[in-house]
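Here the structure is laid out as structure tokens; the discussion comes afterwards.
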Amino acid sequence: MDADQTPAVPKNAAPRKPVGELLAEAGLRPTRQRLALGELLFGQGGDRHVTAERLYEEALAADLSVSLATVYNTLHQFTQAGLLREIAVDGTRVYFDTNTDDHHHFLLEDDGDLYDIAGANVSVSDLPQPPEGLRVARVDVVVRLRRA
């Protein structure tokens, strides 16, 4: 499956809350554009990894009237509100992950597909001591893969 596509929802997956409720709980006003983009991101259930460009293409295909700048702004607002997790895989590619739990990723370099790795399956040790007054917020591990 392409990382930007909506994955099949497992039969035992808990249903997601309605998008308006997710936005309200995150302290975001449910504007028309936030609701529409939120429905594309969260409406199908399951976890997704999307780029802003891919979400913009989905919005256009759904006849939503939004600009690419609005998509970027909304994704960043959702991230700041804790609804998404931003994953920077290199200097040019940023994914937005609907799974905000602690976990890591495989990146298939050939296609740009991103896949979850359970957080418990990766161990990171001997982190350097952060400078005084700072703390480690999280560690993101991206394991890069290529087809053999």
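Using a Debye calculation, one point per C-alpha and no hydration shell, please list log10 I(q)/I(0) for the chain at q = 0.18, 0.19, 0.20 Å⁻¹ in order. So the normalised log intensities work out to -1.16, -1.26, -1.35.
In a fully extended conformation the segment linking Ser65 and Val139 would gain 23.0 nm over its present Cα-Cα distance, using 0.36 nm per residue.
Between Ile117 and Leu35, the contour length at 0.36 nm per residue exceeds the Cα-Cα span by 26.6 nm.
Cut-off 10 angstrom, C-alpha nodes, Gaussian network model of the chain. Which of Gln129, Gln80, Gln44 fluctuates the most? Greatest mean-square fluctuation among the candidates belongs to Gln129. Packing order of peptides 103-109, 45-51, 59-65, highest average first: 45-51, 103-109, 59-65 (average count of other Cβ atoms within 10 Å over each peptide's residues). The modelled label-to-label distance between Leu108 and Glu132, using points 7 Å beyond Cα along the C-beta direction, is 4.9 nm. Backbone geometry of the stretch 88-94 corresponds, through the Karplus equation with coefficients 6.51, -1.76 and 1.60 at θ = phi - 60°, to 3J(HN,Hα) couplings of 8, 9, 6, x, 10, 10, 10 Hz, x marking Gly and Pro. Here the residues Tyr56, Tyr95, Tyr115, ranked from fewest to most Cβ neighbours within 10 Å of their Cβ, fall in the order Tyr115, Tyr56, Tyr95.
If I stretch the segment between Ala26 and Asn99 completely, what's the gain in nm (0.36 nm per residue apart, minus their alpha carbon distance), one decimal? Don't jump to the answer; show the numbers that get you there.
On the way: separation 73, 0.36 × 73 = 26.28 nm, distance 1.50 nm.
24.8 nm is the gain from fully extending Ala26 to Asn99.
Residues in the stretch 95-110 carry Karplus couplings, in order, of 10, 10, 10, 6, 8, 9, 5, 5, 6, 10, 9, 9, 10, 7, 4, 4 Hz; the curve used is 6.51 cos²θ - 1.76 cosθ + 1.60 with θ = phi - 60°, and Gly or Pro positions show x. Note on the chain: helix-only mean residue ellipticity at 222 nm, from DSSP H runs of 4+ residues weighted -39500 (n - 2.57) and normalised by residue number, equals -8000 deg cm²/dmol. For the stretch 20-43 and the stretch 101-147, what is the separation of their Cα centres, given in Å? Using only Cα atoms, the two centres lie 28 Å from each other.
Bear in mind that the values in this text are calculations on the coordinates, not laboratory data. Worth saying up front: this structure is predicted, and the values here are computed from it rather than measured. Reconstructed Cβ throughout: ideal geometry from the backbone, glycine too, with neighbour counts over all protein chains shown.
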